[in-house]
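For reference, the structure discussed in these notes is given below.
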Amino acid sequence: MPKYRNQLPQLSGDLFLTDAGIETDIIFNRGIAIREFAAHTLMADPVGRQALKDYFSGFINLAKQGGTGLILDTVTWKAHRHWAADLEETISFLHDANRSAVALIAELRELADSPHPIVLNAPIGPRGDAYAPEKRIGANAAEDYYSEQLGWLSRTEIDMVTGLTFTQSSEAIGLVSAALSQGLPCVISFTVETDGRLPTGETLRDAIAHVDGETGNRSAYFMVNCAHPDHFAHVLQAGDWRKRIRGIRANASRCSHAELDECETLDDGDPAELAEQYAQLRERMPWLNVFGGCCGSDLRHVTSIAQRMTGAVD
C-alpha cells in the first residue's frame, strides 16, 4: 500500500535529497553498460540489479545519517511504450519492469528502516529525445499516452511520479492530467538549454504558467534538471512564479545537451563548486527543499550538497 501518496512529506518544506545521475554513474564509475540509456534493462541481470541496489543504498545511507528525507527513484524513465521497439521489449515486459522497479525500491525502503521519510517516486521520461525533442506533443495525446504507464504504476506502492527531463509544457500538461486521473501526485521537472529556455524555446516561466493554467495548479511542484546551474540561475532572479519550483537536480557538467550527446568520457565537474551554486540558489529561493543531481553527478556531489545545506552530514 502506498505510504505517502495522499500527503507528500516534502511539501512541509523539510530538506529532501534525491539520487544523482544514475546512468552516467553506473556506466562510467561502475563500468556497466546500459542499453539505450534505459536503466530498467539492468533489472533482469544479477550484476546490474546489484549495481542498482548498491547505487541507491548510498543515497539511502546519506539521507539517514544526515537526518534528511529522501525521494527514492525507480528505474522507469524509459520504461514506456515509445522505446519498446528500440529495446526490443514487449508491452507485457514493460508492465512487469515497472512493477519490479517499484518492488526493488520498496524493499530498499523497508530494509533501511529510516526514521526519516523515504518517498517512492517513479520518474517518467518524455516521449522522445530529452535533449532534442523530435516533435511537439499535444496535451491530449500525451494524456492518452502516459495513462498506460501510470496505470501500471498506480497499482503498486509508488507514492508519486515525476516527469523528469521534460522538454515541452504541452506534454507535461498531459502527464499531470493522466496522473491526476490515476490518483497519483505528479511533479514536473523541466530541462533547459544553455540559454535557460526549454529545448522548444519556451521560457521556464511560461512553461510553468502554461502547465498550471491548464491543470488548475495541480502539479505538486516543479523542478529543474539535466542542466548546469550556469544555464538556468540567471532566469531565477525574481518573480513569484519561482515559488512553484521546489527542487533542483543539476548536471555536474557545464556541457550543452548537444555536447553531452557526443561525450565519450565522464565530465563530473567539481562537487564542492556545484554545492556552492545550489546554496546560492537556495539563498535566493529559500523555499527550495529538494536537492539531487543529474548527468555526471554521483554520491559525492549529493553529499557535498547535503553538507552545504545542513552542515550535519559527515
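Worth pointing out:
- Taking each residue of the range 259-281 that is polar (S, T, N, Q) and looking for partners that are in a helix (DSSP H, G or I) with beta-carbon atoms closer than 6 Å, six or more apart or interchain, yields Gln277/Pro229.
- The range 75-95, residues that are out of contact with any Leu (no Cβ under 7 Å at 6 or more places or on another chain) and under 21 Å from Arg5 (Cα atoms): Thr76, His95
- Check on Leu42, in contact with a helix residue (DSSP H, G or I) (Cβ under 9 Å, 6 or more places away or on another chain) and within 28 Å of Thr265 (Cβ to Cβ): yes
- Residue in the range 129-138 that is crowded, with 21+ Cβ neighbours inside 10 Å, touching a residue at least 40 places away in the same chain (Cβ under 8 Å) and not acidic (Asp, Glu) present: no
- Residues that are in a loop (DSSP other than H, G, I, E, B) and touching a Leu at 6+ places or on another chain (Cβ under 7 Å) were ranked within the range 167-190; the one that is surrounded by the fewest Cβ atoms within 10 Å (Cβ to Cβ) is Gln182.
- Qualifying residue in the range 111-126 (condition: under 23 Å from Phe166 (Cβ atoms) and over 17 Å from the mean Cα position of the chain (by Cα)): no
- Matching residues, the range 141-161, being more than 24 Å from Tyr4 (Cβ to Cβ) and surrounded by 24 or more Cβ atoms within 10 Å (Cβ to Cβ): Ala142
- Considering the range 104-134, and only residues there that are among the acidic types (Asp, Glu) and under 17 Å from Ser57 (Cβ atoms), the residue that is modelled with the lowest pLDDT turns out to be Asp113.
- Of the residues screened, Leu108 is one that is out of contact with any His (no Cβ under 8 Å at 6 or more places or on another chain) and either part of a helix (DSSP H, G or I) or more than 24 Å from Val302 (Cα to Cα) (or both).
- For Ser147, the stated conditions do not hold, so it cannot be described as over 21 Å from Val224 (Cα atoms), modelled with pLDDT of 95 or more and in a loop (DSSP other than H, G, I, E, B).
- Near pairs, Cβ below 6 angstrom, 6+ apart or cross-chain, from the range 24-47 (within 14 Å of Phe93 (Cβ to Cβ) and surrounded by fewer than 12 Cβ atoms within 10 Å (Cβ to Cβ)) to any residue that is at pLDDT 95 or above and of a type in the set (Val, Ile, Thr): none
- One residue stands out among those in the range 16-34 that are β-branched (Val, Ile, Thr) and part of a loop (DSSP other than H, G, I, E, B): the one that is nearest to the chain's Cα centre (by Cα), which is Thr18.
The values are calculated or read from the model by the stated rules, or taken from the named source; none is laboratory data. The model shown is predicted, which means the values in this text are computed figures rather than measured ones. Neighbour counts are summed over all protein chains in view; Cβ atoms, including those assigned to glycine, are modelled from backbone coordinates with ideal geometry.
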